[in-house]
Structure formats: C-alpha cells, structure tokens
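Presented below is the structure to which this report refers.
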Amino acid sequence: MTLRKKRFWFTVSTSLVLIVLFSVVTIQSFNYFSQNTIREQARMTAEMLRISLTEQMRTGVISERETLFKRLRTIPGLVDVRVMRGEPVIHQFGLGIDGEKAKLDMEKRVLATGEWEEQFTQEKGKTIYRITLPYIASSTGSLNCLQCHTVPEGSINGAVTLGFSLDDMERTEVYAISPLILLLLVFGVALGYFLKRLFQPMVDTAEQLKSVVENAATGDFSGRITAASTDEIGEIATHTNTLMDALEQSIGKISHRIQSLGEHTRRDSNRKNLLTHTVRIVDEMVGATRFKLAVENDLDLEEIHERLRTVLKQHFGLRYFSYYETENGKHLKPIFVEGLQQESELWCAPEILINPEVCRCNRVAACVSSASAPNICNRFCGNEKGMGNMVHFCIPMMLSGHVGGILQIVLNEDEIQQFADIEQTAQLYLNQAAPVIEARKLMQSLKNTAMRDPMTGLYNRRFIEDYIDNLTASTLRQKTNLGVLMCDVDFFKQVNDKYGHDVGDQVIKGLAEILKKTVRTSDMVIRFGGEEFLVLLPDTDAEGCMLLAERIRLTMKEHIFQTPQGQLKKTLSVGISLFPRDGQGFWECVKYSDISLYYAKEHGRDQCVMFTEDMRVEKEQY
C-alpha cells in the first residue's frame, strides 16, 4: 500500500473513530442521564402517591383511590399506575380491588424481596419504562405507617408500579444529540483536512524521493525533489537534491571518461542507464585487464588464441563467432570458427582467405556492423546457414597501424538486445590482447629470422641445434630411425668462378626449391652451410632414405638453370646415415653422412652413398 493511501485511510479511520467514540459517549451519557431522571421522577411520583393514599385513609375516602389513579394516568408520559397490597395488608384489610393484585413477575419479586426493580418493554410500537417500588412499613419519618397498619417494623405493606412512555424522551434525545453528531461530523471533516495538509508534504516528498531513488538505481541522476515545506521534510528534499547533483556530476564524468578511454559509446539515446552502463563497463575493463595479465604469461600465440576463444564462449556467452589472422597482409587464416557444423565452414565466403581485400573489415580497417546497416558486407553468408536472420560484427585488431586480426561475432535476432554492447566490450579485450600478440609475433619473427636462411627461406644450422634434442628423443621413444642426408652440389666452386656469385646463388635457391618439393611434409630441409644441405627424414629406413636421395639427385640432374650466360645443369652428391643405427649420437650420424658424401665425391660424384662401417676412420672420435 502506498503512503498516499495509508494517509487517506489513516485520516478517514481517525475521523470515523473519533466521531463514533464521541457519539457513543454522548448517547450513553444522555441515556444514563435520562434513565436517572425518569427513575427519580418515578420515586417522587410513588412517594406522592403513598402520601395521597395515606391521606385518603386518614380522611376515610380510601375507597375513591381508583379515581386518583385515573387522574394520574392523564399526566403526559405516565401510562400505567398500579398499587399492589402486600401480605400483611391483605391479612389486615383483605384482598382489596382486583387491580391491586401482583400481575408481573417483577411485581411478585419486589413484594417478596422488598427490592425495587425496573424494566424496558416494547408495547404497540412504543418503548415503556416500568419501575416497581416497595412500600416498607416504618414508624419513623413524616408518615408513621404503624398508626394504620398492624404490622411489624420493616414489613412490606405493598408496592406501586409506574409505567412511563419514552417516545417523547427518545424524540427529545434525537433532537438533543443531532446537533452534537453534526458538530462531530464537521469536526471529523476538519480533522481530516488538517491531517491531509499535515501529511501532504511528507507524502509528496516520499513519492518524489521514491521516484528519484528508483531512477538513480538505473543510473539516472537527473531527478530532483520539490521542497514542499521548510521543516525537516524540506531539508530532506534539499539534501537529496544536493546528493543527486554530486552523483550526476561525478558519475557522469566517470562514465564519459570511460567511454572516451574504451570507446564505449552507448547505442541507446536513453540516458537513464548511466550507472548500470558505467558499472558494466568498469567490470569489463577490469576483466579485460585481467585477460591481458593472463595472456602476457601465455607461452605462445596458440595459448593466447585459445584464451580469447574461451573468453568469447564462457565470459560473453557467445555461440557464433570466428577469428582470422592476417599473414603478411596477403592472406587471411582462420584461427577458430564457432557455431557451424563443419570445421571447414566459414561465416563468410571462402574468397576472403585468398583475397583479403574483399573483406570489408580488412579493407577499411574499422568495425563493420550489419546491426545498423544490413547487407553492408556482401561476403557475409551467415543468413544462408538456415539459422534465420543473422547480424554480424567484424572488429579489427590493429597491429602497428595495420589489421593483424579480425574478430567476427554473429548474433541471431533474439541475441541482439542481450549483447547490445558486444562490439565495444569485445573491442576492449582485443585492444588489451593486441600489444601482447604483436610482441609474440615480433619475437616469433625474430626467432624465425635467426633460425632461417635468408636466401632460401630454409631452416639454418642454429635451428637444428635447438630442435634436434626433441627430434632424437622422439625417435628413440618410438624406436624408429631418423634418416640423415647430406647433399652437396658437385663442382659448385666452378660455378662461382665461371658464372659469378649471382648464378651461384641461383643454383643454391634452385636446389632449395627442388628439396622442398621432393621431400615429405614431415621431413625437414636445412641449409647446413655453403652449398651443403641437410635433409632429416623421420621414421624412415635405409631403403626409404636411398629412394628419396636418388629422387633428389635425379631431379637435380635433370633441372636446367636459366642464367644470363645460358643454360646450366648441375649434379648432386648425397651421403646417407641412419640414427641410431649408425651412431648413438645425432652429430655422430651427421659426421657419418658427411663421410659418405666425400666418399661419393671421391668415387665419381653424382651419386648417393649409404654409410657403412668400413668407411669409419679408426680411433677417430665423433
């Protein structure tokens, strides 16, 4: 129940209670006064009747007492007068006339006990008050009963019953009480009006305060209270307005600064969610900061990508999204795609992977949203997945001024309101992750640069030094062989001397391409130094190593190098060893491959030679 209703019912109930209470007290008081008055009148009338009957007895006209009764009945309001004889009088003078016998139970009790009684009855629609008073024999007082009656002192000589009509009295009571009740009604109305005026400022202030607080709970601090009085209620209104001014200025500034810091511009024009929006954005900023601390300690890009994926699914509760990474600005590589049945499916046309320029987000380097601009990107094909009308947000991750990754969020119609700020909050997380990802990529690039040969793009000797322990441990654990091929161009020095170093570099690059195209995906090609190339063949026996080596040699022999001086053909010699068959250490097997290589060169070149025990130099440590 509202305070206004409480005030109304309090005023009404208070007025009614007071009116009823005063009315009841007045009526009861009037009834009490009226009953006492008529009771005293009855006693006086009974005493006068006793005196009159005594005088009639003394004068000898007692037989005419009925005439006296008739005259008494003519008195207004007196409707019944009867005298009853008691046993002592009946014993002395007889029964008397018929009307002098006790008829009512009340009269019989009075004659038996000597105690007066009264009663109210309804007769013919009229209220009748009857009182029966006893006549007690007494020798004292103005009348000496014992002079005429031969009875003991205190005997009940008789009783008199008087009946009075109360109609006139009730009418008089109504006339007397009506002005009082009317006055009470006027008092109640005045009291109600007074209470209303008294409580009105409190009610108005309470209602305005409720509205202001409810709006403040949702972030709207623009509400104010009109001071309806100059007392404590007015002070409450003034202090509340001061508080709202302070909150509007402080929280409003905080919200605007947060928006400018995190680019969190609210989509809705309704400013009544300032506090809720601010609290939500602060929570997201705290979450994004924690996310950044977490990714800073992640081992590599794969862990960072997986953490981003987990945040999108568990923290944001998204079901449909994908993340792409740019590769040197030439290609888009999907890192993860969520919400589609097939792993190879994309939310966009596959064309974007080959030609990133057709991706609008990558091209404009800005957020692309179909929420406010449907069909803004014709490469989005989410509406063709049979899931209804889908809305997409494509958010770029900027790395060193260019697009380094693209987060794509897809929502259905039921999720749009639920994720109204998803573009801004997701952007906040991407901004926190961007410097970490950029640093990881830079470190990876530096590491790749240090471990790759700049001319051929192949791994160099430093890579094999860092990686070989894992490779050999895996080979031993799986109880397989690791083929070690050492390849060297025959008479390479003559190429440099005759054709120049540019042609020599061309031969090196050509051989690198032949090796990359000939070996398996699991095999590794390393430029070991100069014109020497090391090829590692995991899980390969001697026969497999020889077959691959021959394929490499023949491909090289048939390849024609186009040089400024004309066509050029070169041959290749290959030395082969197996780890751990030929040696317990990897570098020992590399040495054996090198021995096999020089054996091939000493015995005619353009051939592949498998290491055998007879090639080992006695007492030489490897």
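Dipole of the chain computed with +1 at Lys/Arg Cβ and -1 at Asp/Glu Cβ about the Cα centre; of L18, L104, C359, farthest Cα towards the positive end is L104. For the stretch 284-289, 3J(HN,Hα) computed residue by residue from phi via the Karplus equation (6.51, -1.76, 1.60; θ = phi - 60°) reads 5, 5, 5, x, 5, 5 Hz, glycine and proline entered as x.
Solvent-accessible area of the chain (1.4 angstrom probe, protein heavy atoms only): carbon and sulfur portion equals 55 percent. Along the axis of the charge dipole computed for the stretch 345-462 (Cβ charges of +1 for Lys and Arg, -1 for Asp and Glu, origin at the Cα centre), the listed residues G457, I422, Q432 are led at the positive end by G457. The length gained by stretching the chain between V189 and A365 to full extension, at 0.36 nm per residue less their Cα-Cα distance, is 55.8 nm.
As a rough guide to protection, the peptides 16-29, 544-557, 306-319 ranked by mean Cβ packing within 10 Å, highest first, stand as 544-557, 306-319, 16-29. Each of S139 and D539 was given a label point 7 Å from its Cα along the Cα-to-Cβ line. The distance between the two points is 15.0 nm.
Model label points for K509 and D300, set 7 angstrom from Cα along the Cα-to-Cβ axis, are 2.9 nm apart.
Bridgeable lysines around K509 (alpha carbons under 28 Å apart, same-chain partners fewer than 8 residues away excluded): K330, K333, K441, K447, K493, K498, K517, K557, K569, K570, K591, K601. Charge dipole of the stretch 377-435 (Cα centre as origin; +1 on each Lys and Arg Cβ, -1 on each Asp and Glu Cβ, all else neutral): 280 debye, rounded to the nearest 20.
Backbone phi angles across the stretch 545-561, fed through the Karplus curve with coefficients 6.51, -1.76 and 1.60 (θ = phi - 60°), yield HN-Hα couplings of 4, 5, 4, 5, 4, 5, 5, 5, 4, 5, 4, 5, 5, 8, 6, 10, 8 Hz in residue order; Gly and Pro are listed as x. Probing with 1.4 Å while keeping every protein chain in the model, the per residue accessible area of the stretch 468-605 equals 48 Å². What lysines could a cross-link reach from K5, if we take a straight Cα to Cα line under 28 Å and drop same-chain neighbours fewer than 8 places away? Hits, sequence-local ones excluded: K196, K210. On a per residue basis, the stretch 299-381 carries 56 Å² of accessible surface, using protein heavy atoms and a 1.4 Å probe. Given R₀ = 35 Å, FRET efficiency for S29-K70 by Cβ-Cβ distance, to 0.05? Efficiency at R0 = 35 Å is approximately 0.45.
Relative to the dominant Cα principal axis of the chain, helix 501-518 is inclined by about 60°.
Excluding same-chain neighbours fewer than eight residues apart, the aspartates and glutamates reachable from K101 by a Cα-Cα span under 12 Å are E87. For the chain, taking a cut-off of 4.7 Å between Cβ atoms, the unpaired cysteines are C145, C148, C348, C359, C367, C377, C381, C487, C545, C589, C608.
3J(HN,Hα) along the stretch 297-308: 9, 6, 5, 8, 5, 4, 5, 5, 5, 5, 5, 4 Hz, from the Karplus curve 6.51 cos²θ - 1.76 cosθ + 1.60 with θ = phi - 60°, whole Hz, x for Gly and Pro.
Seen from E64, the other residues with C-beta closer than 12 Å to its C-beta sum to a net charge of +1, counting Lys and Arg as +1 and Asp and Glu as -1. Less than 5 angstrom separates the built amide H of I335 from those of Y323, Y324, E325, all sequence-distant by 5 or more or on a different chain. Projecting label points 7 angstrom from Cα along Cα→Cβ for R462 and S344 puts them 3.9 nm apart.
What the Cβ-Cβ distance of Y175 and A112 gives, at R0 = 51 Å and to the nearest 0.05, is a FRET efficiency of 0.80.
Taking amide hydrogens as placed 1.01 Å from N in the peptide plane, the amide H of G158 sits under 5 Å from those of G86, Y135, each at least 5 positions away in sequence or on another chain. As a calculated quantity, the FRET efficiency between R616 and M443 at R0 = 51 Å, using C-beta atoms, amounts to about 0.75.
The values are calculated or read from the model by the stated rules, or taken from the named source; none is laboratory data. Treat the numbers as computed from the prediction; the structure is a model and nothing was measured. With ideal geometry, Cβ positions are generated from the backbone for all residues, glycine too; neighbour counts draw on all protein chains shown. The area values use the complete protein model at the heavy-atom level, side chains included, leaving out ligands, DNA and RNA. Shrake-Rupley method; radii C 1.70, N 1.55, O 1.52, S 1.80 Å.
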